[in-house]
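Asker: If you scroll down you'll find the structure; I have some questions about it.
The values are calculated or read from the model by the stated rules, or taken from the named source; none is laboratory data. Bear in mind the structure is a predicted one, so any value in this text is a computation, not a measurement. Quick reminder, even Gly has a Cβ in these numbers, built from the backbone with ideal geometry, and neighbours come from all protein chains shown.
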Amino acid sequence: MHDQATDPPLQKSENPFQKKITPQKRQDAVVSTVLRMATYFILICAAFIFLDIIRKGAPVVFQTEFPFVNTKFFTDSPETLMTFETEDGTFYKMDFSDYSQWKRDNPEGRIVEEHSHAYSGGGIFGPLVGTALLTIICIIVALFVGLTTAVYLNEYSSKGRFMDMVRLAIMNLAGVPSIVFGLFGLGLFCFVAPVITGEPQERSILNIPLFGGNFLAFQGWGTSMIAGGFTLAVMILPVIIAACEESLKAIPMGFREASLALGATKWQSISKSVLPYAFPGMLTASILGITRVAGETAPIMFTAALAHKDKLPWQDTDSIGGFFSQSVQAMPYHIYTVAARIPQSEYTKPMQFGSVFVFMVLVMCFAALSIFMRINYRKRVKW
Amino acid sequence: MSDETREGSLSTDETPGGSSAVAPATADTVIEVDDVNFAYVKGKDVLRDISMQINKGQVTAFIGPSGCGKSTLLRCLNRMNDLIPTAEITKGEIRILGTDIYDPSVDVIELRKHVGMVFQKYNPFPKSIYENVAFGLRIQGIKSKSVLDEAVERSLKLAGLWEEVKDRLDSSGLGLSGGQQQRLCIARTIAVQPKIVLMDEPCSALDPISTTIIEELITQLKDEFTIVIVTHNMQQATRVSDRTAYFYLGELIEMDDTIKIFNNPSRKETEDYVSGRFG
């Protein structure tokens, strides 16, 4: 038994855990407040951006009557918006194509106060299609080059100073400003990249004769969706390579060893016991990178994008080569055009905010998909 | 190298090359380690002057404290150490079925088909049980369903797993218990019909019951395969092996019949270790 006599008697009235304010506690309170405020600041910025865009953009896309979505906005390409008043004071607002029709139908109508608002009518079908095509080309090129590079770096290359430098160079690529990538793409893909053609152009730097009177002409692909797709791919490569390498590293060494110990070649063991298990992770991480690239303006403004194009990509060509070598409209460039290169007025706002709203929702959907896939994948994978 | 071995063939009926200074091995010897030094990094030998002979149809156990080089030597036997760029044998040679396996003419892929390996941590692929066992044959280009079916059944039966999994060959290998997964790995290894099976602490991640099953399996398998097993568990060595090699600090201290090693070792160091006074 404990000897109670030697213990000092506990005084009931005194609380040993009484609150005391010390300098340390004051410091703690200050730091936690600053940290919390910084976090809230981000939250406020994000909320402001999203709410403002939703408030002004959602009414363009959604409507109160059936089918509740402004389908015309998604199925028409951008046009000039005409606003005018007739002599009797009626106000009209219509797309340019409708305006021509209206003038034919009302030859006697006297128009006063006529205004045109470039790119502010119609919808965003053209830019959406263009961005989709650019992104698809970018995904194919970036995944192929990124995956092969990551496999080489992680599985084949020997460790050493040179490989460290290669890695450093790749990571540094991530820090290059996007406008520089745009100019690089212009210089390489638009002006120098090789094409096979019967009649090389005068600007071709080098013509290598091939069979059947054709030449491998280093004359570039011109301003084209393929040049834009390649430029975007080069820009996103560091992210893709890092993501792919991370996925490869996550595959247990045991899979490679077991496979090699069964007499598999290196490529057999990589292709059969590493890549199939790394691939979902690579794809998931890559989608996130690709959503970023879909929103880039600078890399495509010299290489691929047009502010206005009458025809959709498949209406303008009869060959596969022609399809890929034409310029396209693209969402980020379209937003840049309507936001910064046309005179602003209340009539240009719906197009501006509608485009931004749709684009933001699209990119967020892809990001959410990627995150959802990652969570799902992590749950499924166990070894 | 002599002419007979230049093709890198590893068939049993081949006579050992005449280039060696040591006496030719007996017909029963499948692995000869001849005065081998090995280094992971140049200048730092982790194995020194290792010489041993491993006989056909026997279970040979490598014992010794951690870091003594027993796993390293095991991984030299099917050249798994090739995965480490700077690792190399700095002296001596290892002959398997009479052929120097580090000779440039040896195809490491062919070597590994003859010298299989079971790893410490069971590592079935995240594939079906059937595909795990068939993997080694598939990568050799065997597509015939009947050949694969036959090999899968035979290997699973040898590994004592057939009765437990025959109704669910299409379910994932990862769904099995730890001991079953390790037996699946053994089945996968023997499916390619190696001459030699190397086992690197195959039971260290398993519970006692699974360990007993694997040990029984090992004693059954030695009729068909020459087995080399690394183990930390000395009782396991006494239970499964015919011969035991004791390693300490990168040197082979003693190698003899298991009974002799554990009851009447010639060297004092061995006695200290097996009696538990050290290590």
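Asker: Out of (1) at pLDDT below 90; (2) buried (at least 19 other Cβ atoms within 10 Å of the Cβ), what's the single condition that is false for B:Ala205?
Answerer: It fails just one condition, (2).
Asker: Sticking with this structure for a sec: Which residues, taken from the stretch B:231-279, are under 18 Å from B:Ser66 (Cα atoms) and acidic (Asp, Glu)?
Answerer: B:Glu251, B:Glu254, B:Glu269, B:Glu271, B:Asp272
Asker: Let me ask you something else. For the stretch B:54-141, which fully contained helices (runs of 4 or more DSSP H) count at least 1 residues that are away from chain A (no Cβ under 14 Å)?
Answerer: The qualifying helices (runs of 4 or more DSSP H) are B:70-77, B:129-139.
Asker: Same structure, new question: Can you tell me which condition B:Ala191 does not meet? The list is (1) modelled with pLDDT of 90 or more; (2) surrounded by fewer than 16 Cβ atoms within 10 Å (Cβ to Cβ), and all the others hold.
Answerer: Only one criterion is unmet by B:Ala191, namely (2).
Asker: Also, quick follow-up: For the stretch A:260-271, name all the residues that are within 7 Å of chain B (Cβ to nearest Cβ) and either more than 18 Å from B:Cys185 (Cα to Cα) or part of a helix (DSSP H, G or I) (or both).
Answerer: Hits for the stretch A:260-271 are A:Leu260, A:Ala261, A:Thr265, A:Gln268.
Asker: Within the stretch A:86-100, count every residue that is over 38 Å from the mean Cα position of the chain (by Cα) and over 15 Å from A:His117 (Cβ atoms).
Answerer: Selection size over the stretch A:86-100: 5.
Asker: Could you tell me which residue of the stretch A:242-258 is farthest from B:Ile190 (Cα to Cα), considering only residues that are within 7 Å of another protein chain (Cβ to nearest Cβ) and of a type outside the set (A, V, I, L, M, F, W, C)? Working first, answer last.
Answerer: As a first pass, look at the stretch A:242-258 and keep what is within 7 Å of another protein chain (Cβ to nearest Cβ): A:252, A:254-255, A:257-258.
If we keep only those that are of a type outside the set (A, V, I, L, M, F, W, C) too, we end up with A:252, A:254, A:257.
On the way: A:Pro252: 22, A:Gly254: 17, A:Glu257: 16 Å.
Selected residue: A:Pro252.
Asker: Can you confirm whether the stretch A:221-237 contains a residue that is of a type in the set (A, V, I, L, M), more than 19 Å from A:Ala193 (Cα to Cα) and more than 14 Å from chain B (Cβ to nearest Cβ)?
Answerer: yes
Asker: As an exercise: evaluate A:Phe74 against (1) in contact (Cβ under 8 Å) with a residue 12 or more places away in the chain; (2) over 30 Å from A:Ala330 (Cβ atoms); (3) in contact with a Gly (Cβ under 9 Å, 6 or more places away or on another chain) and give the number of the one condition it does not meet.
Answerer: (2)
Asker: Mind checking whether some residue in the stretch A:136-151 is free of Cβ contacts under 8 Å to residues at least 24 places away in the same chain and not in a helix (DSSP H, G or I)?
Answerer: no
Asker: Sticking with this one: Do the conditions hold for B:Leu252, that is, is it closer than 30 Å to B:Leu137 by Cα and not in a loop (DSSP other than H, G, I, E, B)?
Answerer: Here the answer is no, as B:Leu252 does not meet what is asked.
Asker: Now, a different point. Only one residue in A:Gly321, A:Gly281, A:Gly289 is surrounded by fewer than 18 Cβ atoms within 10 Å (Cβ to Cβ) and either within 30 Å of B:Phe125 (Cβ to Cβ) or in the same structural domain as A:Ser247 (by TED's automatic domain parsing) (or both). Which one?
Answerer: A:Gly321
Here is a yes/no grid of residues against (1) in contact with a strand residue (DSSP E or B) (Cβ under 7 Å, 6 or more places away or on another chain); (2) on the phi < 0 side of the Ramachandran plot; (3) part of a helix (DSSP H, G or I); (4) without any contact (Cβ under 8 Å) to a residue 60 or more places away in the chain:
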position	(1), (2), (3), (4)
A:Leu288	no, yes, yes, no
A:Val293	no, yes, yes, no
A:Gln326	no, yes, no, no
A:Tyr347	yes, yes, no, no
A:Met351	yes, yes, yes, no
A:Ser355	no, yes, yes, no
A:Met364	no, yes, yes, yes
A:Phe372	no, yes, yes, yes
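Asker: For the stretch B:180-222, give me the residue count where each residue is part of a helix (DSSP H, G or I) and either within 13 Å of chain A (Cβ to nearest Cβ) or out of contact with any Asp or Glu (no Cβ under 7 Å at 6 or more places or on another chain) (or both).
Answerer: The number of residues fulfilling the criteria is 25.
Asker: Could you list, in sequence order, the residues of the stretch A:40-92 that are in a loop (DSSP other than H, G, I, E, B), of a type in the set (Gly, Ala, Ser) and exposed (fewer than 12 other Cβ atoms within 10 Å of the Cβ)?
Answerer: A:Gly89
Asker: Still on this model: Could you please let me know if A:Thr317 is outside any helix (DSSP H, G or I) and under 21 Å from A:Leu133 (Cβ atoms)?
Answerer: yes
Asker: Among the residues of the stretch A:74-94, which ones are under 14 Å from A:Ser355 (Cβ atoms) and not aromatic (Phe, Trp, Tyr)?
Answerer: Those that are under 14 Å from A:Ser355 (Cβ atoms) and not aromatic (Phe, Trp, Tyr): A:Asp76, A:Ser77, A:Pro78, A:Glu79, A:Leu81.
Asker: Is there a residue in the stretch B:164-179 that is touching a His at 6+ places or on another chain (Cβ under 7 Å) and part of a loop (DSSP other than H, G, I, E, B)?
Answerer: There is no residue in the stretch B:164-179 that is touching a His at 6+ places or on another chain (Cβ under 7 Å) and part of a loop (DSSP other than H, G, I, E, B).
Asker: Might you check whether a residue that is modelled with pLDDT of 90 or more, within 26 Å of A:Met225 (Cα to Cα), surrounded by fewer than 13 Cβ atoms within 10 Å (Cβ to Cβ) and not hydroxyl-bearing (Ser, Thr, Tyr) occurs anywhere in the stretch A:143-150?
Answerer: yes
Asker: If A:Leu306 meets every condition in (1) touching a strand residue (DSSP E or B) at 6+ places or on another chain (Cβ under 9 Å); (2) without any contact (Cβ under 8 Å) to a residue 12 or more places away in the chain; (3) of a type in the set (A, V, I, L, M) apart from one, which number is that one?
Answerer: Against the list (1) touching a strand residue (DSSP E or B) at 6+ places or on another chain (Cβ under 9 Å); (2) without any contact (Cβ under 8 Å) to a residue 12 or more places away in the chain; (3) of a type in the set (A, V, I, L, M), A:Leu306 comes up short only on (2).
Asker: Hey, any hits in the stretch A:31-41 for a residue that's more than 25 Å from A:Ala307 (Cβ to Cβ) and either assigned by TED's automatic domain parsing to the domain that holds A:Lys311 or touching a helix residue (DSSP H, G or I) at 6+ places or on another chain (Cβ under 9 Å) (or both)?
Answerer: No, the stretch A:31-41 contains no residue that is more than 25 Å from A:Ala307 (Cβ to Cβ) and either assigned by TED's automatic domain parsing to the domain that holds A:Lys311 or touching a helix residue (DSSP H, G or I) at 6+ places or on another chain (Cβ under 9 Å) (or both).
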